[in-house]
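Visitor: Sharing a structure, written as structure tokens. Questions coming.
The values are calculated or read from the model by the stated rules, or taken from the named source; none is laboratory data. Bear in mind the structure is a predicted one, so any value in this text is a computation, not a measurement. Glycine gets a Cβ as well: all are built from the backbone with ideal geometry, and neighbour counts include every protein chain shown. These area figures cover heavy atoms from the full protein model, side chains too; ligands, DNA and RNA do not enter into them. Shrake-Rupley method; radii C 1.70, N 1.55, O 1.52, S 1.80 Å.
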Amino acid sequence: MQSTGLTSGQRRVVVTGMGMVSPLGLGVERNWSRLVAGENGFGRISAFDASDLPAQVAGEVPAGPTESGGLTLSDWVPVKDQKKMDRFIHLGLVAATEAVEDSGWKPESEEDRCRTGVMIGAGIGGLQTIYEASVTVKEGRARRLSPFFIPSALINLVSGHVSIKYGFKGPNHSVVTACATGVHAIGDAARMIMLGDADVMVAGGAEAAVCPLGIAGFCSAKALSTHFNDTPEKASRPWDRDRDGFVMGEGSGIVVLEEYEHAKARGAKIYAEVIGYGMSGDAHHITAPAPGHEGAYRAMQNALRSAGLTTADIQYVNAHGTSTMADDLELEAVERLFGDDARKLAMSSTKSATGHLLGAAGAIEAIYSILAIRDNVAPPTLNLDNPSRESVIDRIAHTAQERKIDTILSNSFGFGGTNASVILRGV
Amino acid sequence: MSEIADKVKKIVVEHLGVDESKVTPDASFIDDLGADSLDTVELVMAFEEAFSVEIPEDAAEKITTVKDAIDYIEKQKAA
């Protein structure tokens with residue numbers, strides 16, 4: 001395949017491994033088959049008693065035997081180490097283990113280990129750990145604070161633990177850009193490979209904010225759905241007129257990024273190429289997007305420019321689409337950017353099935369998009385019964401669709417007015 | 001074995017995730033039982049909590065084996 005745009009004359013970056021854990025369960029293939037089948041991962045919050053909060057639904061990673069797609073933590077993290085990590089690190093390790101094993105990359109030499117890095121971020125990090133530690137201090141027991149409190153809560157410790165587990169001694173980094181984290185992690189890690197800092201990067205995001213502080217905090221910010229507590233499966237409804245906020249999800253998505261020649265030389269399976277990456281800032285408001293989502297527009301435009309593509313080259317957009325008022329602004333921005341090409345475009349929000357995984361969202365959505373390329377299937381937007389805004393763009397309401405898809409664009413936007421888009425293409 | 005020794009052993013097994021048979025009196029937390037420096041800090045806290053004693057930092061530094069811990073706590077409890 002001919003390289004394009006950003007990658008022409010430069011080192012090309014491909015995806016050679018994928019791993020995920022989400023409300024749809026453990027593992028990439030299970031997630032994908034459930035997503036395409038129109039299933040969802042929602043229920044009433046079970047992690048704690050949320051009865052005094054306005055939002056009582058979430059997408060939690062199901063517990064259960066590994067072989068049936070549930071999380072049995074001791075299968076992934078030794079019992080004695082579990083208390084040294086917040087849940088977001090547990091989930092990150094689960095997804096990273098699947099991704100690294102899937103890639104088949106086992107650096108044998110010191111040089112290879114030094115050329116393999118990790119870039120896993122989170123939007124919030126160890127919120128529950130911080131909460132529990134605060135209670136300990138408040139109770140006058142500051143001297144009883146666990147020595148593992150700090151390393152358990154720090155966001156970059158997923159990257160740390162993955163590097164320790166596998167001996168990856170290359171760049172060890174972490175992105176923190178709220179809900180744009182996952183896309184930034186993949187884009188930035190790809191650039192590290194392009195620039196020669198590493199040959200392989202394990203990249204993605206992890207999040208576990210279904211906890212009292214996480215839910216109450218986003219409730220106070222009026223960001224969560226509150227009208228579907230008795231029908232959790234209906235709560236996440238991007239673009240639908242009855243949407244009333246996002247549904248918190250938890251989990252992790254991790255990809256193994258690899259320099260193309262490096263991957264080819266070892267006969268690795270190649271899922272897709274990272275061919276474009278664009279970023280922007282709104283410079284507008286801490287939580288609300290700029291009018292017309294012009295920041296999102298510029299992020300997508302920058303991604304297209306870096307890929308050397310036009311909107312005619314994109315067949316599928318995985319939208320940020322959180323099931324909030326901002327959905328229609330993103331839709332508008334995509335329509336404006338795509339112009340006549342919008343008529344041929346498929347765009348869906350997989351958050352309708354998983355909820356919003358905050359810092360992990362962009363990473364799991366990049367993986368879903370890669371599988372959309374692999375199988376030529378656009379995953380559905382569930383609960384899109386009555387769009388609040390009509391559009392020529394096919395938003396794949398309710399049911400997955402077979403479509404010819406070779407190039408996708410995936411969006412993630414975060415509080416603080418940070419926007420990121422990544423473009424992936426089949427190889 | 002004393003009640004204190006039993007309880008110490010149990011705490012060590014629980015916190016370091018090691019087999020009970022390895023927790024002999026002479027076993028060193030770091031050299032024999034796979035603990036790192038943070039694990040030992042946490043172990044000492046667990047002893048303080050379980051036995052309602054205070055183990056000052058300079059004393060804690062000298063507790064490197066199972067027997068060290070048992071001896072220290074027995075002495076505190078006897079005092």
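Visitor: Counting just the residues of segment B:18-37 that are within 12 Å of another protein chain (Cβ to nearest Cβ) and surrounded by 15 or more Cβ atoms within 10 Å (Cβ to Cβ), which one comes out farthest from B:ILE55 (Cα to Cα)?
Guide: Within segment B:18-37, the match that is farthest from B:ILE55 (Cα to Cα) is B:VAL18.
Visitor: Confirm whether A:GLU273 is open to solvent by 10 Å² or more (accessible area, probe 1.4 Å) and not in a loop (DSSP other than H, G, I, E, B). Talk me through it step by step, then tell me what you get.
Guide: Details: open to solvent by 10 Å² or more (accessible area, probe 1.4 Å): no; not in a loop (DSSP other than H, G, I, E, B): yes.
Answer is no for this residue.
For every residue, the table says whether it meets (1) of a type in the set (Asp, Glu); (2) within 25 Å of A:ALA133 (Cα to Cα); (3) not assigned by the TED database to the domain that holds A:ILE254.
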site: A:GLY19; (1), (2), (3): no, no, no
site: A:GLY25; (1), (2), (3): no, no, no
site: A:TRP32; (1), (2), (3): no, no, no
site: A:ASN40; (1), (2), (3): no, no, no
site: A:ASP52; (1), (2), (3): yes, yes, no
site: A:GLY70; (1), (2), (3): no, no, no
site: A:ASP81; (1), (2), (3): yes, yes, no
site: A:PHE88; (1), (2), (3): no, yes, no
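Visitor: Moving on. Which residue pairs have Cβ atoms closer than 6 Å, lie 6 or more positions apart in sequence or on different chains, and pair a first residue in segment B:17-46 that is free of Cβ contacts under 8 Å to residues at least 60 places away in the same chain with a second residue that is outside any loop (DSSP other than H, G, I, E, B) and open to solvent by 80 Å² or more (accessible area, probe 1.4 Å)?
Guide: Filtered contacts from segment B:17-46: B:GLY17/A:VAL79; B:PRO25/B:LYS67.
Visitor: Please report, ordered by residue number, the helices (runs of 4 or more DSSP H) entirely within segment A:44-135 with at least 3 residues that are closer than 28 Å to A:PHE246 by Cβ and among the hydrophobic types (A, V, I, L, M, F, W, C). Spell out how you get there, then give the answer.
Guide: Working: elements: A:79-82, A:87-103, A:110-114.
Here the list reads A:87-103.
Visitor: Taking only segment A:143-161 into account, find how many residues are part of a helix (DSSP H, G or I) and modelled with pLDDT of 95 or more. Don't jump to the end; show me each part of the working.
Guide: Within segment A:143-161, the first condition is being part of a helix (DSSP H, G or I), and the residues that meet it are A:143-144, A:149-153, A:157-161.
Next cut, modelled with pLDDT of 95 or more only: A:149-153, A:157-161.
The number of residues fulfilling the criteria is 10.
Visitor: Which of the residues spanning segment A:276-296 are buried (at least 21 other Cβ atoms within 10 Å of the Cβ) and more than 20 Å from A:LEU331 (Cα to Cα)?
Guide: A:GLY276 - this is the single residue of segment A:276-296 that is buried (at least 21 other Cβ atoms within 10 Å of the Cβ) and more than 20 Å from A:LEU331 (Cα to Cα).
Visitor: Right, here's the next one. Of the residues that sit in segment B:44-79 and are closer than 20 Å to A:LYS80 by Cβ and at the interface with chain A (Cβ under 10 Å from one of its Cβ atoms), which one is surrounded by the most Cβ atoms within 10 Å (Cβ to Cβ)?
Guide: B:VAL44
Visitor: In the set A:GLY417, A:GLY426, which member is surrounded by fewer than 20 Cβ atoms within 10 Å (Cβ to Cβ) and under 20 Å from the mean Cα position of the chain (by Cα)? Let's see the steps before the verdict.
Guide: Details: A:GLY417 fails: surrounded by fewer than 20 Cβ atoms within 10 Å (Cβ to Cβ).
That would be A:GLY426, the only listed residue that is surrounded by fewer than 20 Cβ atoms within 10 Å (Cβ to Cβ) and under 20 Å from the mean Cα position of the chain (by Cα).
Visitor: Please state which of the following conditions A:GLY308 fails to meet, knowing it meets all the rest: (1) open to solvent by less than 40 Å² (accessible area, probe 1.4 Å); (2) at positive phi.
Guide: (1)
Visitor: Any residue at all in segment A:172-195 that is in contact with a strand residue (DSSP E or B) (Cβ under 8 Å, 6 or more places away or on another chain), within 14 Å of chain B (Cβ to nearest Cβ) and open to solvent by less than 30 Å² (accessible area, probe 1.4 Å)? If you could, list the steps in order and put the result at the bottom.
Guide: Within segment A:172-195, the first condition is being in contact with a strand residue (DSSP E or B) (Cβ under 8 Å, 6 or more places away or on another chain), and the residues that meet it are A:172-194.
Now narrow it down to the ones that are within 14 Å of chain B (Cβ to nearest Cβ): none.
Among the residues of segment A:172-195, not one is in contact with a strand residue (DSSP E or B) (Cβ under 8 Å, 6 or more places away or on another chain), within 14 Å of chain B (Cβ to nearest Cβ) and open to solvent by less than 30 Å² (accessible area, probe 1.4 Å), which makes the answer no.
Visitor: Sticking with this structure for a sec: Kindly indicate whether A:ARG243 is open to solvent by 10 Å² or more (accessible area, probe 1.4 Å) and outside any helix (DSSP H, G or I).
Guide: Values: open to solvent by 10 Å² or more (accessible area, probe 1.4 Å): yes; outside any helix (DSSP H, G or I): yes.
Considered against the rule, which asks whether it is open to solvent by 10 Å² or more (accessible area, probe 1.4 Å) and outside any helix (DSSP H, G or I), A:ARG243 comes out as yes.
Table: residues versus (1) touching a Phe, Trp or Tyr at 6+ places or on another chain (Cβ under 6 Å); (2) within 14 Å of another protein chain (Cβ to nearest Cβ); (3) more than 16 Å from A:LEU157 (Cβ to Cβ).
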site: A:ASP52; (1), (2), (3): no, no, yes
site: A:GLY59; (1), (2), (3): yes, no, yes
site: A:TRP76; (1), (2), (3): no, no, no
site: A:PHE88; (1), (2), (3): no, no, no
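Visitor: Let me ask another. In segment A:369-387, what count of residues is obtained for those that are assigned to a helix (DSSP H, G or I) and open to solvent by 10 Å² or more (accessible area, probe 1.4 Å)? Working first, answer last.
Guide: Within segment A:369-387, the first condition is being assigned to a helix (DSSP H, G or I), and the residues that meet it are A:369-375.
Next, only the ones that are open to solvent by 10 Å² or more (accessible area, probe 1.4 Å) stay: A:373-375.
The number of residues fulfilling the criteria is 3.
Visitor: Additional query: Could you check segment A:305-324 and list, in sequence order, the residues that are within 28 Å of A:SER236 (Cβ to Cβ) and either of a type outside the set (Phe, Trp, Tyr) or not assigned by the TED database to the domain that holds A:ILE370 (or both)? Step through it out loud before you land on a result.
Guide: Narrowing segment A:305-324 to residues within 28 Å of A:SER236 (Cβ to Cβ): A:311, A:314-324.
Answer for segment A:305-324, where residues must be within 28 Å of A:SER236 (Cβ to Cβ) and either of a type outside the set (Phe, Trp, Tyr) or not assigned by the TED database to the domain that holds A:ILE370 (or both): A:THR311, A:ILE314, A:GLN315, A:VAL317, A:ASN318, A:ALA319, A:HIS320, A:GLY321, A:THR322, A:SER323, A:THR324.
Visitor: Right, something else. Return only the number of the condition from (1) part of a helix (DSSP H, G or I); (2) closer than 22 Å to A:ILE270 by Cα; (3) open to solvent by 10 Å² or more (accessible area, probe 1.4 Å) that A:ALA366 does not satisfy.
Guide: (3)
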